[in-house]
Amino acid sequence: MAVTLTYYGHSTFLLSNGEVSIVCDPFFNGNTWEIAKPEDIKCQYIFVSHGHGDHYGDADTIGKANDALLISTAEVAHKAESAGLKAHAMHLGGKFDFEFGSVRLTPAFHGAGIPGGHAAGGIFNFYGKTIYFAGDTAFFSDMQYLNRFGDIDYALLPIGDNFTMGVEDALLAASLIKAKVTIPIHYKTWPVIDKDPHDYVKQLEATHKLKGLVVDPGTTITL
């Protein structure tokens, strides 16, 4: 079955093959894009990159409603378990196989949003498609090695600035990652991250000859 990606604005997206789905950084209540509500989300898995409220978001509500398994760092997983969710704890550099494929946790240079933790990104092998979700991160030079684990089909990179990489840093990051397609995320949710994803894609293609794709919030694409 085809793999789809639905983008809900900010850093929230859902991967699905029509039968199995994973929602990532499920921020719905308070997300100014107002694309969906927690009760709209049907999934078997949840991935949380770190503990800030705009990323952990509505994980508790969605996890309980769907009896979903939350995948994250050990500290975030413990937070979820304390709230009554099922959780699978991982940490940076670790990889684990799930029914859909695998998740490898990558560094993200950002606050953990929870005591003792570390922010993370993830490389997902989801039914044969490889997706790198950078999470909230600053630029770091080791991004150049992420494709050593295999070609990356899609990279989701924050471009909003202030809290994460801005356009300039995200262009440099994409030039190192060399994904087949780069999708900008984490922009325009609030005025402080009001960056233009179309400008980012235009610069990416002009400067680095790499393909970018703007996925408008509320849109579903086939990977």
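Tabulated values for the structure
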| item | result |
| --- | --- |
| Filter result for residue 159 (in contact (Cβ under 8 Å) with a residue 24 or more places away in the chain, aliphatic (A, V, I, L, M), surrounded by fewer than 21 Cβ atoms within 10 Å (Cβ to Cβ) and in contact with a helix residue (DSSP H, G or I) (Cβ under 9 Å, 6 or more places away or on another chain)) | no |
| Region 20-39: number of residues that are under 17 Å from the mean Cα position of the chain (by Cα) and polar (S, T, N, Q) | 2 |
| Verdict on residue 179 being in a loop (DSSP other than H, G, I, E, B) and buried (at least 21 other Cβ atoms within 10 Å of the Cβ) | yes |
| Scan of region 137-156 for residues that are touching a residue at least 40 places away in the same chain (Cβ under 8 Å) and assigned to a strand (DSSP E or B), ordered by number | 154, 156 |
| Scope region 95-106; condition under 23 Å from residue 186 (Cβ atoms) and either out of contact with any Phe, Trp or Tyr (no Cβ under 7 Å at 6 or more places or on another chain) or assigned to a loop (DSSP other than H, G, I, E, B) (or both); matching residues | 105, 106 |
| Residue 138, sole failed condition from (1) farther than 17 Å from residue 77 by Cβ; (2) in contact with a Gly (Cβ under 6 Å, 6 or more places away or on another chain); (3) of a type in the set (A, V, I, L, M) | (2) |
| Members of region 12-57 found to be in contact with a helix residue (DSSP H, G or I) (Cβ under 6 Å, 6 or more places away or on another chain) and in a loop (DSSP other than H, G, I, E, B), listed by number | 25, 26, 27, 28, 41, 43, 48, 49, 51 |
| Cβ-Cβ under 8 Å pairs, at least 6 apart or on other chains, region 196-223 side farther than 13 Å from residue 159 by Cα, far side of a type in the set (Lys, Arg) | 205/211; 210/178; 211/180; 223/129 |
| Residue ID - surrounded by the most Cβ atoms within 10 Å (Cβ to Cβ), chosen from residues in region 1-54 that are more than 19 Å from residue 215 (Cα to Cα) and aromatic (Phe, Trp, Tyr) | 47 |
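Residues checked against (1) assigned to a loop (DSSP other than H, G, I, E, B); (2) at pLDDT below 95:
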residue	(1), (2)
62	no, no
72	no, no
93	yes, no
117	yes, yes
124	no, no
132	no, no
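The values are calculated or read from the model by the stated rules, or taken from the named source; none is laboratory data. Here the structure is a predicted model, which means the values were calculated and not measured. Virtual Cβ from ideal backbone geometry, glycine too; neighbours counted across all protein chains shown.
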